1. If you rank 77, 60, 65 by fewest surrounding Cβ atoms within 10 Å, what's the result?
2. Using the Cα gyration tensor of region 55-116, with a ≥ b ≥ c the square roots of its eigenvalues, what is the shape: rounded (a/c below 1.5), prolate (a/b larger than b/c) or oblate (neither)?
3. Using Cβ counts within 10 Å as a stand-in for footprinting exposure, how do 45, 82 rank, fewest first?
4. Taking other Cβ within 10 Å of each residue's Cβ, how do 49, 119 sort, fewest first?
């Protein structure tokens, strides 16, 4: 009978010390920002958000946007970029939080969980 050795997991609460990486971070971030795959994905995500807002008087449903970004095989973009796009648009004042709706993402396991609703600022809907 063999025994399994468990190694303690590093403490996830420790802050990341970026000081030792300061010289490299800008260059690494530039590489990610310049990645054509991610640029295309970001363009698809922002287009889906904008299109949803135009069709619904400025209101953006994360459910409708997600459906616009999926096909029979799943997402057509890197899924983690979706939340990042919303966060960036909100940080820059283009999107404003407008309440909640129930998530209808059964495949992703988020069905009936709260999902943010948004309003795209009118200057971006013209």
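Please treat every number below as a calculation from the coordinates, not as lab data. As the structure is a prediction and not an experimental result, all values here were calculated from the model. Here Cβ is always computed from backbone atoms with ideal geometry, including for glycine, and neighbour counts include all displayed protein chains.
1. So the ranking, lowest neighbour count to highest, is 77, 65, 60.
2. prolate
3. 82, 45
4. 119, 49
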